[in-house]
Structures are given as C-alpha cells and as structure tokens.
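A short worksheet on the structure shown next.
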Amino acid sequence: MIRFFLILLAPYALFAALTFSTNNNKDVELLKTFDVDSSFLYDEKLNEMKSSERARYQYKHFFNAMDNAYIFIPRIKEVLNEYNVPAEFLYLAMAESNFSTRAYSKKKATGMWQFMPRTAKLYKLRIDSYVDERRDLIKSSEAAAKYLTFLHKKFGKWYLAAIAYNCGGGYLSRAIKKAGTDDLKVLLDEKKRYIPRESRLYIRKILALALVGNDEDYLIDNEYEFLLNRGNAYSLATVKVGRGESLTRISKMLGIPLKELKALNHHLSHDFTPPDVKKYDIYIPYVKLSDFKQKYHPEDIKNIYMVHTVKHGESLFAIGRKYHVPYKIIKDFNKLSSNRLSLKQQLVIPIAVAKNHEHDKRYYMVKNGDTLDSIAKANKLTIGFIKSVNNLKNNTIKIGDKLYLNE
C-alpha cells in the first residue's frame, strides 16, 4: 500500500522538481540581465526582501501598481529596448515611484523615474510654468534610458548602472576604488558600507520586484496571468496638437474621460498645452488613435478660450488678477513682446471653453449688419437675456464684440 502510494506521488514530485528547476532557471536568467551572478539568488537579505515584498503584494500592492501602469508599460518597454536597456529595468521605475508620474521626493526628485531638476535639464526635459516633463511618461522614460545607457557605458555592468542611478556616479566610483573591486557582494558589505544603506537596499529591491514579476506561477495563482501577455492594444499613442490646445476639448472630442486623459498627461501643469510652441505631444489610449485622426482639427485658440477686450486703464497684471490667470500666461497665449496694451485690444484668456464647434456656442462675435434682435432670434434667446449676461446698458453693439449666449 505504501509502495503504491509512493508510486502515485512520484509524478507529482517530478512535476514539482521540474517546476522548481524551470523557475530557478528563469530567476538565473533574470539576474544575468543585470549582470548579477546566479549565486546572488541565495543572498539572505534579497530573499528576506523578496518574501516581504511578496507578502506585501498579497494585499494587491504589486498588482495595483501594475494595473495602474497597464496602459503604458508596453510603450515604456519599447523605449528601453530602443536604447538597448534590459526591459527588466522597468522595475527600477517601480522601485522609484510605483509607476506614479505624480511621485515627488523630499530631495525634489519628481516623476516616475524620479529625476532631479539638474539631471532632467541635462537630458533636455522641459521644466517651467507650463510643463514638467519629468512627469511625461515617454520623454522621461527616454531620458532614463539615455542616462542608464551612459552609466552602463561608464561602469560596464547593469547592476552598477542601477546603483549609480540611486547614489550617483561619483559616489559609486569612489566606493569601487575604496573596495578595490566592483563585485556586488563586496559593495553590499554591511560592515564596510562602501555604498549608502539606501543603495544597498535599492538594488535588492529592484531584483526582488523583478523576481516577483517574473514568477509566472505566482501571477497565475493570483489570477493576474494577463500581466504576462500585455499587448500594444492597451498601449499609448503619441499625438501632436496645436499650441494652447485644451485637454477638455480633446476629452469631449474623443469620448475619453477627462480624468483619464489628464492621468496620461500629468506633465501638463494646466488644462492646456504650452502656448509658446506650434505643436506639442500629448498621449491618448492607442484604441482612440483612429478617432483622433478622423476628428481632430486644430482650432484657433480664440474659439477655445475666453476673449477679453482691453478697457481704459487696464494692465496685463490687472486682467490676470481678474481672471485668476498669471499675467505671463496671458502674455504667452497672445504672443505679446511687451506688457503694453492698447485700448480695445482683444486678449485670449485661457479659462473655460468658450466655443466648441461640436458641442456648444457660448460666444458670438458680432458681424456687419447684426443687431441684438437678430442675434437673439437666431439663437432663440431674448434681448433682455443677452443684455443681462453681457452687462449691456443699452442695445448698442459693435462689429467684433463678443457676446455671451449663456450663463
């Protein structure tokens, strides 16, 4: 009976052994992508961290982070591949920020890849009152890939590039010189402390996250096997829009919830793209690319935003204060070379959608031959209503005046 039982268990034992062997081989291959020796799989602290992370992620932490990044992970992996950076460096971004473009540190590092201002500008990421491209999903990933490539070229091994990303190339160079070797186990010596404690934990955390993400059985057991088969169908599309384009307008045009569109474009400080460039990249779900190509048309910003007619004694500063918009933004939107204004000059004020051809008409520009009566009849309104919402004391209107047609 016992012999029969052992024979019955044999296939299962063999299967378990094969599964362990397969998983172990995958783990060894993963370490190789970081140029880490397979013996590091037995590093006590790495395994403690792996177990800790695995336990923590049982409460959906790991999967929530992956879910939130699901739409752009394929594109980021493409960027890393374009610069010959191992795709597993995706877990560096996870270690830095949990894939959050809103992430911000006490040291003023920002974005998914946690760039400091100085490094960001070195890699030509724009940071000003309109955008912070450290929060740009693609541009920041390109910058991170370039930086990691530079560090790999300098130090020769990917695990050293990862450590240098955390503590700085200068610090790591001094640590290697002091240790007399770039061997990972030596650099991680707890007593010698060649590199900061944060960096000693940092490289282990990246490897631990990668090992968890590489564990197919674990993902399948937790019903997250779809993470193993991420496709480009759920990825991003980069599209160019006009200067000062409104995300609200794009949202309505493509039927994308504004909250979702803003989440993909956290690098924009406002609802609009920079007004000081002709075109600017934004990101939309790839499944909406066809709609964008069919429906998008650049619109004159005068038709998107409010237009203010300068009155006697008004200044840019006073107008900005009136609409709660920084005067410099008004200046840039209107391509003004100085702060001087002229009477009856029309200024675009980037607040509230003024006119959207596909949705509503909130304004009307008075043309030759128009009267309040003809405008009211054409828009099925009363003269009294138009006078009320436009604060008109009489029925006099002039060509070029812009009239509110709703409250």
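For segment 357-375, indicate whether the set of residues that are closer than 26 Å to residue 298 by Cβ and modelled with pLDDT of 90 or more is non-empty. Taking every residue of segment 357-375 in turn, none turns out to be closer than 26 Å to residue 298 by Cβ and modelled with pLDDT of 90 or more. Put simply, of 325, 287, 277, 241 the only residue that is in a strand (DSSP E or B), without any contact (Cβ under 8 Å) to a residue 60 or more places away in the chain and either under 19 Å from the mean Cα position of the chain (by Cα) or on the phi < 0 side of the Ramachandran plot (or both) is 241. Every condition in (1) buried (at least 17 other Cβ atoms within 10 Å of the Cβ); (2) assigned to a loop (DSSP other than H, G, I, E, B); (3) at pLDDT 85 or above is met by residue 339 except one, and the failing one is (1). Evaluating residue 162 against the criteria (1) open to solvent by 50 Å² or more (accessible area, probe 1.4 Å); (2) within 24 Å of residue 69 (Cα to Cα); (3) touching a residue at least 60 places away in the same chain (Cβ under 8 Å) leaves one unmet condition, (1).
Flag: residue 34 does not match the condition of being of a type outside the set (Gly, Ala, Ser), modelled with pLDDT under 85, open to solvent by less than 40 Å² (accessible area, probe 1.4 Å) and under 14 Å from residue 213 (Cβ atoms). For residue 317, the conditions (1) touching a Ser or Thr at 6+ places or on another chain (Cβ under 6 Å); (2) of a type in the set (Phe, Trp, Tyr); (3) surrounded by fewer than 18 Cβ atoms within 10 Å (Cβ to Cβ) are fulfilled apart from (1). Answer yes or no: is there a residue in segment 281-293 that is touching a helix residue (DSSP H, G or I) at 6+ places or on another chain (Cβ under 8 Å) and hydroxyl-bearing (Ser, Thr, Tyr). Yes: segment 281-293 contains one or more residues that are touching a helix residue (DSSP H, G or I) at 6+ places or on another chain (Cβ under 8 Å) and hydroxyl-bearing (Ser, Thr, Tyr). Among the residues of segment 138-173, just one is among the charged types (D, E, K, R) and farther than 15 Å from residue 85 by Cα, namely 139.
Of all residues in segment 76-135, those being in a helix (DSSP H, G or I), over 19 Å from residue 160 (Cα atoms) and hydrophobic (A, V, I, L, M, F, W, C) number 4.
All of 301, 206 fail the test of being open to solvent by less than 10 Å² (accessible area, probe 1.4 Å) and either at pLDDT 90 or above or not polar (S, T, N, Q) (or both), apart from 206. The single condition from (1) open to solvent by 10 Å² or more (accessible area, probe 1.4 Å); (2) modelled with pLDDT of 90 or more that residue 323 fails is (2).
For the structure I just gave you, tell me whether residue 151 is of a type outside the set (Gly, Ala, Ser), closer than 29 Å to residue 76 by Cα, touching a residue at least 60 places away in the same chain (Cβ under 8 Å) and open to solvent by less than 10 Å² (accessible area, probe 1.4 Å). Considered against the rule, which asks whether it is of a type outside the set (Gly, Ala, Ser), closer than 29 Å to residue 76 by Cα, touching a residue at least 60 places away in the same chain (Cβ under 8 Å) and open to solvent by less than 10 Å² (accessible area, probe 1.4 Å), residue 151 comes out as no. Each residue in segment 169-191 was checked for being farther than 22 Å from residue 30 by Cβ and modelled with pLDDT of 95 or more, and 13 of them qualify. With respect to the conditions (1) of a type in the set (A, V, I, L, M, F, W, C); (2) open to solvent by 50 Å² or more (accessible area, probe 1.4 Å); (3) in a loop (DSSP other than H, G, I, E, B), residue 201 falls short on a single one, namely (3). Residues in segment 280-293 that are open to solvent by 80 Å² or more (accessible area, probe 1.4 Å), modelled with pLDDT under 95 and not aromatic (Phe, Trp, Tyr): 287 alone. Of all residues in segment 110-146, which are open to solvent by less than 10 Å² (accessible area, probe 1.4 Å) and among the aromatic types (Phe, Trp, Tyr)? Result: 113, 115, 130.
The values are calculated or read from the model by the stated rules, or taken from the named source; none is laboratory data. Remember, predicted model here, so these are calculated numbers, not experimental data. Backbone-built Cβ (ideal geometry, glycine too); neighbour counts: all protein chains shown. Surface areas here come from the heavy atoms of the whole protein model, side chains and all, with no ligands, DNA or RNA. Shrake-Rupley method; radii C 1.70, N 1.55, O 1.52, S 1.80 Å.
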